[in-house]
Structures are given as structure tokens and as C-alpha cells.
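Remarks on the structure that follows.
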């Protein structure tokens, strides 16, 4: 049983790390500010969620697992609020999203 | 196991810092700062497990809280030009 928990937590930790790296890569390579926000939220949700779940499996039923759960809830509640404030501030200050021009071939259905 | 996760987090941290450096608009930098905060929180937790010191999780919680409050305050300054005086109700805009 202990081996299974170790394997699952190892898989969660490594995949969480990989998703964080993918989120960081998206943050660099995305063309526009608003698409970068999507990439950054990949790190916030999947990366953080998988890594914290992997750590909780390692910690077992202790106070440490409760603290890890608190970190997970913290990210769950504050990350959307921060992203919303970011988008609102950018839109209010007139940062236009990168849209396809009308009539260009790629915009036809 | 933890070193693999920590290495991936360091890679993500480097990418976020490059976006913070390259970011044309100031909001890219604010976004990168927010991402660096989240990654630092995860890195604290993983290193806490790596070195077997559970106090790091409390640091991660406090760091996460400060990071969000800091991001929201910086964004309010970017958006309205000032953080407003105590008591004005409309965030510095005309009534």
C-alpha cells in the first residue's frame, strides 16, 4: 500500500512540475498579454494542484497535510481574484487584445 | 522525487523572470510577479519537504497571502494612478 502511495505521489509531483514549466513556457511564448494570462493560470491551477496533492500524499494524515490543504485553498481563492484585477486594470488602461483583422483569410468560419 | 519537482519549478521560475524582463507592458510584469509568487510558494513547500523542515509551509502560506495583497495594491496603483486618500469613496476618480 505504501509503495502505491509513493508511486502516485511521485507521479503527481513530477507532472505538477512539468505543468508549472509548461505554464512558464506559455508565459514567455504567448503573443499577447491576455493569452499569457491563460498560460499563467495553467501554473496556478494544474501545476500547484498536482504538486500540492503529491505533497499531501507524502505527508499522510498529519497537520502538515492540513497546511498543504490551506495553501491549496489559498491559491484556489486568491488566484482568480488577482487575475481578474489584472485583466480589469489592463483593459481600463486601454491595453487592446490582439484580435484577427476583419476579412483576413483566417477569420472566415 | 522532490529534486525533480524543485528543478521543474526553478525552470518555470526562470521562464517567468524572462517574461518579467521582456514584458513590453507593465501588466506583463505584474502578471510575471504574480506567477513568481505562486512558484515561490510551491518551491518553499517542496524544499520544506526536501530538507524535512515542516516550518517552511507556514512561510509559504504567509508568502502567498502577501503576494496577492501586493499584486492587488500594485494593480490599483497602475489603474488609477494613485492609491487614493483615506475616505475618498470613488477610488480617486471624479465624483
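At a glance:
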{"item": "For residue A:6: the one exception among (1) facing another protein chain (nearest Cβ under 9 Å); (2) under 16 Å from residue B:37 (Cα atoms); (3) out of contact with any helix residue (DSSP H, G or I) (no Cβ under 7 Å at 6 or more places or on another chain)", "result": "(2)"}
{"item": "Residue match in region B:83-91 (condition: more than 22 Å from residue A:73 (Cβ to Cβ) and within 16 Å of the chain's Cα centre (by Cα))", "result": "no"}
{"item": "Failed item in (1) without any contact (Cβ under 8 Å) to a residue 24 or more places away in the chain; (2) under 27 Å from residue A:64 (Cα atoms), with residue B:22 passing the rest", "result": "(2)"}
{"item": "Residue in region A:53-65 that is crowded, with 21+ Cβ neighbours inside 10 Å, under 11 Å from the mean Cα position of the chain (by Cα), part of a helix (DSSP H, G or I) and at pLDDT 90 or above present", "result": "no"}
{"item": "Among the residues listed as A:21, A:90, A:39, the single one being more than 8 Å from chain B (Cβ to nearest Cβ), surrounded by 19 or more Cβ atoms within 10 Å (Cβ to Cβ) and part of a helix (DSSP H, G or I)", "result": "A:39"}
{"item": "Test: residue in region B:19-30 that is under 19 Å from residue A:46 (Cα atoms) and within 7 Å of chain A (Cβ to nearest Cβ)", "result": "no"}
{"item": "Cross-chain or 6+ apart pairs with Cβ under 9 Å, region A:58-73 first and within 7 Å of chain B (Cβ to nearest Cβ) and over 13 Å from residue B:61 (Cα atoms), then surrounded by 12 or more Cβ atoms within 10 Å (Cβ to Cβ) and modelled with pLDDT under 90", "result": "A:58/B:1; A:58/B:2"}
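The values are calculated or read from the model by the stated rules, or taken from the named source; none is laboratory data. Bear in mind that the values here come from a model prediction, so they are computed numbers and not experimental data. Don't worry about glycine lacking a Cβ; one is built from the backbone with ideal geometry, like all the others, and counts go over all protein chains shown.
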